[in-house]
Amino acid sequence: MRDWKQTLISPKATVREAVRVIDAAALQIALVVDDEGRLLGTVTDGDVRRAILSGVSLDDDVAGATNQNPTTAKESDDPDALLALMRRKRLHQIPRVDLRGRVVGLEVLDDLLSPEPKPNAVVLMAGGLGTRLRPLTNDTPKPLLRVGPKPILQTILEAFASHGFSRFYLSVNYLAEQVEEHFGDGSQWGVQIEYLREKQRLGTAGALSLLPETPEAPFFVMNGDLLTRLNFAQLLDFHTQNGAAATMCVREYEMQVPYGVIDIEEHSIVDIREKPTERYLVNGGVYVLDPSALSLIPTGERFDMPDLFTQLISEQRSVAAFPIREYWMDIGQPEDFHRANGHFDEVFA
C-alpha cells in the first residue's frame, strides 16, 4: 500500500520539491498542508505542466502551481460514490479531509481500476543508423542496445503496455532483422506488433506513410532511442482535451551564455546581464497525432516531424505542447548511453 502521507508538502516548498514528492510517492499528486495538517491545495502533474508553460520556474514557490480549490471527500464518503465522482470530474486523486479540513487519506483512481485497454496505436521509430554511437552500433541497432537488463526499445514498449496500449508499429531499416527477431509479433508482451519496413530512410514522419491503414483514433509516435518516465495516458488525455491536430512533448533546456549580454535600445545600453542562463523549450521526440495529420505526409519521401508541425502551423491547425518534467534521456552519444545505464536501476526499477 502506498503511503499518502509522503505526498504532504509545506506551502514554503518550491515547485521542484513538489515534483519530487509527486514522483517519489508514486501517487502523482502533492498535498499542500499547513502546520496543523489542513489542506491548502493540491499540485498534480497537470498543474506543474501548466505552470511551466505559463512561465513558472521549478525553483519558484509552489503557490504558482497549486490548485487552491481542489475537490475533496469526507472521511465517511463511500468509495463507490467517490469512484463515480472521479469519473465524472476526470480526477485521478481525491484527498479525504476531516471536519477541521485536515488530510486523513487519499483516494487514487489507479488503485481502484486496472488500466483499461486502449485502442490507440503506437509507432516507434527503430530504423536509425546510430552513427554517433559507433562502434556500439556496428553490429547492433541502436534500439536494441541494452540499458540496464534490457534493450532500450523493450523498455519503451513495456512502458506503453503498462498504460493499456497494445497495438504497435515498429519502423525498421538498419539491421531490421535483429529488431524483428527480438520482438516478433509481440505476443511475449501481450501486445500486437507490425513492422513498417523502410527501403530508404524516410525520416521521423515519412515512415508514417507506410502505415497499412489510417488509425481511427489519435496515435503516438516516438523515437526508439529515448528513455523516459513520461505518463503516456496523461499525454493522450492532454492531447484529447485540447482538441489538437498534433501534440509535441517538449522539455526545458538551459544554456548559460559565457559572456555579458548587452541589452540595447536604439544606441543606448539599458542593461548588462553577466553570463545569464537562457531557458528554452525543445523537442522531446514524443508526439501524439490526430489521424487527419497523415494527409500531409508525402509518400516515399524523407519527411521529419518538425516538417509536419511546421505544415500544420502554416495551415493554422491546432498544435499543442506537453512539457516533460519526468526523467528523459536521448541515447545519442556514448556518454548518454553510459549515463543512462547508471540511472536505470534508480529510475526504472
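Summary of values
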{"read-out": "Options Ser314, Ser318, Ser295, Ser268; residue that is modelled with pLDDT under 90 and among the polar types (S, T, N, Q)", "value": "Ser268"}
{"read-out": "Options Asp98, Asp139, Asp110, Asp77: the member that is within 21 Å of Arg229 (Cβ to Cβ) and acidic (Asp, Glu)", "value": "Asp110"}
{"read-out": "Criterion (touching an Asp or Glu at 6+ places or on another chain (Cβ under 6 Å), surrounded by 14 or more Cβ atoms within 10 Å (Cβ to Cβ) and among the hydrophobic types (A, V, I, L, M, F, W, C)) met by exactly one of Leu82, Leu144, Leu106", "value": "Leu82"}
{"read-out": "Evaluation of His343 against (1) of a type outside the set (Asp, Glu); (2) part of a helix (DSSP H, G or I); (3) buried (at least 17 other Cβ atoms within 10 Å of the Cβ); (4) within 21 Å of the chain's Cα centre (by Cα) (one fails), failing number", "value": "(3)"}
{"read-out": "Residue that is surrounded by the fewest Cβ atoms within 10 Å (Cβ to Cβ) [pool: residues in region 149-177 that are among the charged types (D, E, K, R) and outside any helix (DSSP H, G or I)]", "value": "Lys150"}
{"read-out": "Matching entry among Val62, Val56 (being under 19 Å from Pro11 (Cβ atoms), modelled with pLDDT under 90, β-branched (Val, Ile, Thr) and touching a helix residue (DSSP H, G or I) at 6+ places or on another chain (Cβ under 7 Å))", "value": "Val56"}
{"read-out": "Tyr195 vs. criteria more than 24 Å from Ser292 (Cβ to Cβ), assigned by TED's automatic domain parsing to the domain that holds Pro306 and in a loop (DSSP other than H, G, I, E, B)", "value": "no"}
{"read-out": "Filter pass, Met255 being under 23 Å from Glu326 (Cβ atoms), without any contact (Cβ under 8 Å) to a residue 40 or more places away in the chain and in the same structural domain as Val123 (by TED's automatic domain parsing)", "value": "yes"}
{"read-out": "Residue in region 221-243 that is among the small types (Gly, Ala, Ser), under 19 Å from Gln311 (Cβ atoms) and touching an Asp or Glu at 6+ places or on another chain (Cβ under 8 Å) present", "value": "no"}
{"read-out": "Hits in region 1-53 (condition: within 29 Å of Asn242 (Cα to Cα) and among the small types (Gly, Ala, Ser))", "value": "Ala18, Ala24, Ala25, Ala26, Ala30, Gly41, Gly46, Ala51"}
{"read-out": "Residue that is surrounded by the most Cβ atoms within 10 Å (Cβ to Cβ), among those in region 222-231 that are at pLDDT 90 or above and closer than 13 Å to Phe322 by Cβ", "value": "Met222"}
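Residue-by-condition table, conditions (1) touching a Leu at 6+ places or on another chain (Cβ under 7 Å); (2) part of a strand (DSSP E or B):
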site: Asp237; (1), (2): no, no
site: Thr240; (1), (2): no, no
site: Gly243; (1), (2): no, no
site: Glu252; (1), (2): yes, yes
site: Asp263; (1), (2): no, yes
site: Ile269; (1), (2): no, yes
site: Glu278; (1), (2): no, yes
site: Leu281; (1), (2): no, yes
site: Val286; (1), (2): yes, yes
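The values are calculated or read from the model by the stated rules, or taken from the named source; none is laboratory data. Keep in mind that this is a model prediction, so the values were computed, not measured. Positions of Cβ are backbone-derived with ideal geometry, glycine not excepted, and every protein chain shown enters the neighbour counts.
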